[in-house]
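Nothing in this text is a laboratory measurement; each read-out follows from the coordinates by a stated rule. As the structure is a prediction and not an experimental result, all values here were calculated from the model. Methodologically, a virtual Cβ is constructed for each residue, glycine included, from the backbone with ideal geometry; neighbour enumeration extends over all protein chains shown.
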Amino acid sequence: ANFAPLTLDAARARLRELFGFTGFRGRQEDVLARVLARQSTLAVMPTGAGKSLTYQLPATMMHGTCIVISPLIALMHDQLRSARANGIRAATLTSADADWRETQDAFRNGELDLLYVAPERASQQGFRNLISAAPLCMFAIDEAHCVSEWGHDFRPDYRQLRPMMNAFPDVPRLALTATADAHTRGDIMAQLGIPDDGLVIAGFDRPNIRYAIDHRDSVSRQLTNLMAAHPGPGIVYAPTRRKVEDIAEKLAAATGRPVRPYHAGLDPEVRQANQAAFVESEDMVIVATIAFGMGIDKPDVRFVAHVGIPKSIEAYYQETGRAGRDGDPAQAAMFWGAGDFAQARQRLGELDESRQQSERTRLDALAGLVETPGCRRAVLLRHFGEDPPERCGNCDNCIEAPAVADVTQLARKLLSAVYRTGQSFGFGHLAKVLTGNEDERVRQRGHDKLSVFGIVDGDDAVLLQPLSRALQARGSLVSTEHGGLALGGDARDILTGGQTVEMVMPPKRARRSGGRGRR
Ligand code: ADP
Ligand code: ZN
């Protein structure tokens, strides 16, 4: 809205003048260079990286108003306040505003740097007419993953943005998001008309967070150990309200530390009080459903634990990202079981056809993180489009490389047993058949007459459980409605010899009783 020269030097001067900052952070500069050159861009940056500045700053330098699309009114009003506090001329046009006339007049008179609107405005002719009445400098699309069905938060209104923006072919677009895997990124760029070379991805790494992922055996013991290692504040995510209550009670009793529950079923006052107490505390552990954490500002969280699997790698990154915001060492621990993946895969069946594929891809990616014998951080960062070093030195697998073995033969035996028993029995029954246990139920079904009866012996028998878990994680085994196991994914390729199976080996007994709790 001004007539400053559109250079990075000018932007830096404006940064000091308006925000009082000494320099750009991360890849802000790359985004700004493109924006100032009026090139459409998708900026993928983690929360807190400073995305807002990449449109707020140029909006004060370029001729015309920047239209900011934002999905939540509350968020918009926050942004409005902070923009105005920095001396930026900004307004919102939302159902919660009473000053529409003033805002429209200000826009028409070219007195606004930023105009925040919700995506549903895009389809309204009145709004389109309004923004034709004065020059625009760009469209900034916040939470841009909402345009993609591949994203985790699809909003149909975002699909109206493209036709609206197409009416202004000379106005550059800046799409912003904190979470976008490769697939979603491609989709955002296609949906919003951003050229292939318009992608800027910035630093997702949180080097002070140590990632560790382990099988769940005794969750109270595992969490108690974690708490003993971290006397500072922590968050434990549990899948259901009941588990939240149960775990909170057990941990309080076992450790004597302050432990409080948090879930949507609690009285709002209790919930509020627990959250406030946590934010204040230096040693409290909060056990919560994923309802907890959004917008909480607590820099000294020392660990985040997941009991069960998160929804996706994006969710995992976001939830674990609440640890160690102060930059001091922090821990992210996940305790998973085979049933977690089996149930998640079963729930896919309840989704619309169109969502199933994207959710399956999400689960496969998560299984890849959980099952990898390699560096966890490398898997995470690659997922977000970065090109990290092979090893980070600060995750469980880098600190102590797990043993990996080719278990293709055993996998074939297990999958054959699943197939020959009719794909309807659970793991317990299958293990009995394979190890030759003449259980009554086995004999009744005639499963002692099958060729797979008793084909797995001693040493291999202890691997059946972790193998079943690994096969469920990768989708080669899926659970049926009645809790049995059936063939899925690449099971047939494994059976016919076209696919090998490698697995992270479980720890030897001795190591486990040594209290390491690692695989
Ligand atoms: P995002 O939208 O990516 O989550 P914000 O735009 O809310 O992040 O910025 C996060 C914080 O970082 C804000 O307090 C902002 O003022 C600050 N910030 C942004 N850019 C810089 C910078 N170049 N130098 C210092 N602080 C910055
Ligand atoms: Zn690592």
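Considering only Val418, Ser82, Gly489, the residue lying farthest towards the positive end of the dipole of the chain is Val418, judged by Cα position with unit charges set on Cβ. Were the residues from Asp153 through Ala253 laid out at 0.36 nm apart, the gain over their Cα-Cα distance would be 32.2 nm. Past 26 Å, Cα to Cα: identify those pairs from Lys250/Lys432; Lys243/Lys432; Lys413/Lys449; Lys51/Lys298, in the order given. Flagged as over cut-off: Lys250/Lys432; Lys243/Lys432. Name the residue farthest towards the positive end of the dipole of the range 101-220 from the options Ala122, Ser220, Gly203, assuming +1 on Cβ of Lys and Arg, -1 on Cβ of Asp and Glu, about the Cα centre. The listed residue farthest towards the positive side: Ala122. Placing unit charges on the Cβ atoms only, positive for Lys and Arg and negative for Asp and Glu, gives the chain a dipole magnitude near 840 debye about its Cα centre. For the range 132-285, the Cβ-based charge dipole about the Cα centre amounts to some 380 debye (Lys, Arg positive; Asp, Glu negative; other atoms uncharged). Only one residue of Ala338, Ala367, Gln357 has its Cα farthest out toward the positive end of the dipole of the range 309-392, where Lys and Arg carry +1 and Asp and Glu -1 on Cβ, and that residue is Ala338.
Tell me, what is the FRET efficiency for Thr496 and Val270 to the nearest 0.05, using R0 = 45 angstrom and their Cβ-Cβ distance as r? Result of the calculation: an efficiency of 0.20. Taking a Cβ cut-off of under 9 Å around Val307, the surrounding Lys, Arg, Asp and Glu residues balance to a net charge of +2, with basic ones at +1 and acidic ones at -1. Counted over the chain, the DSSP beta bridges are approximately 10% antiparallel. Sorting the segments 83-95, 11-23 by their residues' average number of neighbouring beta-carbon atoms within 10 angstrom, most packed first, yields 83-95, 11-23. Placing +1 on each Lys and Arg Cβ and -1 on each Asp and Glu Cβ, with no other charges, gives the range 50-154 a dipole about its Cα centre of roughly 260 debye. Each other residue within a Cβ distance under 13 Å of Gly87 adds +1 if Lys or Arg and -1 if Asp or Glu, for a net charge of +3.
Express the relative contact order of the chain as a whole percentage, based on alpha carbon pairs under 8 Å and six or more residues apart in sequence. Averaging sequence separation for qualifying contacts and normalising by length gives 12 percent for the chain. Applying D = kT/(6 pi eta Rh) to the chain, where Rh is the Kirkwood radius over alpha-carbon pairs, T corresponds to 20 °C and eta to 1.002 mPa s, the Stokes-Einstein value obtained is 83 µm²/s.
Most tightly packed first, judged by the mean number of other beta-carbon atoms within 10 Å of their residues, the peptides 468-480, 131-143 read 468-480, 131-143.
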